[in-house]
Amino acid sequence: MYDVIVVGARAAGAPTAMLLAQKGYKVLLADRAHFPSDSPLANLIQLKGCAALKRWGLLERVQASNCPPVSKAILQIGEYSLQGEYLPLDGTGATVCPRRSILDKILIEAAAVAGAEIRGDLVVEELLTDNGQVIGVSGRLKSIQGAREIRVEEKAALVVGADGKHSLIAKSVQAAMYQVKPVLACVFYTYWEGFGPTNGELYYLAREAIGLWPTNAGLINIFAAYPVNEFQAIRRNIEARFWKTAESVPGLAERLRNGRRVERFYGTADLPAFYRRPYGPGWALVGDAGMTLDPFTGQGIGNAFRDAERLVDAVDAGFSGRSTFEAALAEYEYERNRETLPMYEFTEKLAAFCPLPDEQRLLLAALVDKPEGIRRLLGALSGSISLNEFFSPSSLLHIVGIKGMLSMFSNKLKKSGSISEQ
Ligand SMILES: Cc1cc2nc3c(=O)[nH]c(=O)nc-3n(C[C@H](O)[C@H](O)[C@H](O)COP(=O)(O)OP(=O)(O)OC[C@H]3O[C@@H](n4cnc5c(N)ncnc54)[C@H](O)[C@@H]3O)c2cc1C
């Protein structure tokens with residue numbers, strides 16, 4: 001019998017297991033994958049996530065895996081090109097973009113060192129319940145090298161679903177979904193070698209975007225995003241479409257031609273966006289299982305890390321009697337939503353490739369020659385300040401001045417129909 005079984009051992013599950021084990025709980029961390037396993041996903045970890053890695057003593061290990069810290073970024077939105085450094089968070093001023101096999105290995109090893117029992121190749125198939133209360137899991141250990149599959153049944157006071165956006169745990173308990181958005185974008189990823197940007201680069205163009213981030217071993221992780229209704233057509237000839245996108249950014253195609261693509265393009269349109277109620281009797285959800293957003297703004301890993309910390313605090317409060325489970329987990333849900341909702345809405349607007357509203361164009365134009373403003377914008381995208389703080393009246397006043405504020409205000413009123421054009 002365990003205190004907690006965590007199903008899923010990646011960005012959300014491994015830190016949850018580590019933090020629980022550090023508090024002395026008996027934890028089983030199970031995953032159907034055979035580790036270390038790579039995933040072609042981009043893995044930009046924003047400052048919010050890097051600060052969590054630092055708190056856990058793991059940031060140095062990630063950087064030491066030949067994964068360079070990236071403290072500057074170029075952000076081009078339409079005709080506006082903004083370049084600058086990140087506003088630091090808790091002394092951390094650089095993002096990292098490790099390969100998934102490397103990040104997951106570091107996180108799982110840290111969970112094991114903390115005392116969690118790790119079981120790979122364990123496919124959880126069902127929840128065990130008693131009177132509506134989840135009391136454990138059942139599944140099978142995958143057959144390895146022809147050996148017979150072994151049925152497994154494990155019990156725990158709490159089962160945590162860290163099993164990703166298609167979470168079996170969430171579906172089994174019928175966790176309520178809310179703020180559900182349609183899939184808006186599709187994305188293609190690959191890796192490049194032989195040319196070495198040391199900055200992060202993100203070009204948001206009309207109806208397409210392309211981003212580059214240095215990852216392990218001198219490679220560059222590159223993604224290109226498009227409206228989802230173009231997915232089938234693009235995947236038939238991603239090569240041509242990718243180069244067309246690269247040609248749209250001055251100098252980029254030439255830089256890419258100086259290097260070499262070292263992996264195929266991986267494409268997906270499986271990019272849902274939703275929140276789920278993340279707790280109930282004997283169960284809780286963490287990471288993508290509880291809340292998923294389009295990867296456009298690269299928030300998922302940082303969100304998963306913060307979720308893990310908050311969930312562990314809530315669970316500890318429940319187990320120790322400092323609070324009821326119900327109250328502590330309600331607080332966990334509230335704080336998760338409070339922190340993530342503005343970025344969730346912002347990300348969905350970007351993923352829709354809508355033309356920028358006039359007031360945002362004005363803001364971007366004003367930012368071009370304001371390094372401190374750019375630092376704050378990058379900080380807002382990376383988690384060192386909130387988006388609400390960046391878009392607050394006092395912050396905008398600082399960036400665009402009083403005339404700019406009046407113009408933004410009148411644009412808003414015109415759009416809302418409160419005043420008409422003369
Ligand atoms: C194309 C793409 C690009 C992205 N790029 C970025 C980025 O640059 N930066 C960023 O921050 N985020 C990015 N994200 C989002 C990020 O990948 C996720 O938010 C993050 O991986 C969520 O971690 P997780 O641990 O919650 O879930 P997952 O990483 O999905 O892990 C779930 C784990 O659960 C296991 N599992 C599932 N079901 C079972 C079962 N029944 N039994 C046992 N094990 C099970 C799986 O094997 C898996 O290991 C991207 C996402 C996509 C789709």
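Here, each number is a calculation from the coordinates, and none is a lab measurement. All figures in this text were calculated on a predicted structure; none of them were measured in a lab. Here Cβ is always computed from backbone atoms with ideal geometry, including for glycine, and neighbour counts include all displayed protein chains.
Here is how the numbers come out for the structure above:
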{"read-out": "Test item: Cα-centred dipole of the chain, Lys/Arg +1 and Asp/Glu -1 on Cβ, debye", "value": "580"}
{"read-out": "Protection proxy ranking, peptides 52-62, 298-308, 240-250, average beta carbon neighbours within 10 Å, highest first", "value": "298-308, 52-62, 240-250"}
{"read-out": "Where a label projected 7 Å from the Cα of Lys414 along Cα→Cβ would reach, residues of segment 337-360 with amide N under 15 Å", "value": "356-360"}
{"read-out": "Net dipole in debye of segment 185-268 [+1 Lys, Arg Cβ; -1 Asp, Glu Cβ; about Cα centre; nearest 20]", "value": "220"}
{"read-out": "Helical contribution to [θ] at 222 nm, DSSP H n ≥ 4, -39,500 (n - 2.57), averaged over the chain, rounded to 500", "value": "-12000 deg cm²/dmol"}
{"read-out": "Sequence ranges 202-214, 328-340, ranked by mean other-Cβ count within 10 angstrom, highest first", "value": "202-214, 328-340"}
{"read-out": "Projected area averaged over orientations for segment 43-146, convex hull of C-alpha atoms, nm²", "value": "11.8"}
{"read-out": "The chain: relative contact order in percent, alpha carbon pairs under 8 Å with at least 6 residues between", "value": "20"}
{"read-out": "For q = 0.09, 0.10 Å⁻¹, Debye-computed log10 I/I(0) when each Cα of the chain counts as one equal scatterer", "value": "-0.59, -0.72"}
{"read-out": "Rg/Rg_ref, segment 310-349, where Rg_ref = 2.2 N^0.38 Å and atoms are Cα", "value": "1.43"}
{"read-out": "Antiparallel bridge percentage (DSSP; both residues within the chain; nearest 5)", "value": "75"}
{"read-out": "Kirkwood-type radius of segment 185-268, with distances r between different C-alpha atoms, in Å", "value": "12.8"}
{"read-out": "Principal axis dimensions, largest first and in whole angstrom, of segment 144-212 by Cα", "value": "49, 41, 22"}
{"read-out": "Added length on full extension, which subtracts the Cα-Cα distance from 0.36 nm per residue, Glu263 to Glu153", "value": "35.6 nm"}
{"read-out": "Dipole in debye (nearest 20) - segment 91-217, about Cα centre, beta carbon charges: Lys, Arg +1; Asp, Glu -1", "value": "200"}
{"read-out": "Segment 361-392 residues near the modelled Glu85 label - backbone nitrogen below 18 Å, point 7 Å along Cα→Cβ", "value": "369-385"}
{"read-out": "Sequence-distant aspartates and glutamates (8 or more away, or on other chains) whose Cα lies within less than 17 Å of Lys105", "value": "Asp31, Asp38, Glu60, Glu117, Asp121, Asp163"}
{"read-out": "Computed FRET value (nearest 0.05) for Asp358 with Ala253, which takes r as the C-beta separation and R₀ as 35 Å", "value": "0.65"}
{"read-out": "Label-point separation in nm, Arg338 to Glu117, each point 7 Å along Cα→Cβ", "value": "3.8"}
{"read-out": "Dipole axis of segment 1-108 (+1 Lys, Arg; -1 Asp, Glu on Cβ), positive-most option in Ala94, Ala9, Gln63", "value": "Ala9"}
